[in-house]
Amino acid sequence: MERVPMTPEGHRKLTDELDRLIKVERPKNIKDIATARAHGDLSENAEYHAAKEKQSFMEGRIQELQAKIAMANVIDTSRLKQDRVVFGAKVTVLDLDTDEEKIYTLVGPDEADARNGKISITSPVGRALVGKHEGDEVSIKVPAKTLSYEVVSISFE
């Protein structure tokens with residue numbers, strides 16, 4: 001399997017969620033199952049079935065998080081060349097069609113959150129921006145149209 005790039009912040013969020021699920025949520029769910037089981041007949045016990053369903057979902061999420069963490073290639077952006085767009089860069093672009101500035105942070109696929117300006121390095125926009133310098137223009141084919149951007153600034157936080 002291929003390693004997946006991830007920022008230290010993204011890795012921390014995944015490990016925090018995994019830790020919370022294992023140390024807090026799982027023990028609480030075990031108690032909920034035991035309490036529901038004590039109510040008697042399991043075939044018609046909605047509390048029991050709900051707790052078991054939650055347990056199944058939680059165990060699936062724990063396995064998913066463990067796999068993501070195992071495959072993570074945590075990249076320290078402070079060690080990267082900062083003269084061009086690379087993983088972890090915060091890029092300000094000017095949309096040449098609308099004269100609107102947009103700010104994107106290039107992150108791994110598991111961290112992408114377009115609403116907050118975090119785009120995957122594997123997305124069409126992310127792939128097109130990689131390697132560009134300030135002042136470079138780029139045309140990006142997306143499903144609906146072709147975007148024309150100019151890289152205004154590159155920073156690392």
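Each value in this text was obtained by applying a stated rule to the coordinates, not by laboratory testing. As the structure is a computational prediction, the values presented were derived from the model and not from experiment.
With the alpha-carbon atoms of region 4-74 aligned to their principal axes, the span from lowest to highest coordinate is 49, 17, 12 Å, starting with the largest.
Computed over the chain, relative contact order equals 23 percent, with contacts defined as Cα pairs under 8 Å that lie 6+ residues apart. The sum of -39500 (n - 2.57) across all DSSP H runs of n ≥ 4, divided by the residue count of the chain, sets its helix-only mean residue ellipticity at 222 nm to -12000 deg cm²/dmol. Here the alpha carbons of the chain define both size measures, Rg and Dmax, at 21.9, 71 Å.
Tell me the angle of helix 46-71 to the major Cα principal axis of the chain, expressed in degrees between 0 and 90 and rounded to the nearest ten. The helix 46-71 is inclined about 40 degrees to the chain.
Among the lysines of region 4-74, pairs at least eight places apart or on separate chains and with Cα atoms under 24 Å apart come to 13. Taking the DSSP beta bridges with both ends in the chain, the antiparallel portion is around 75 percent. Taking Cα atoms only, the orientation of helix 8-20 departs from the longest principal axis of the chain by about 10 degrees.
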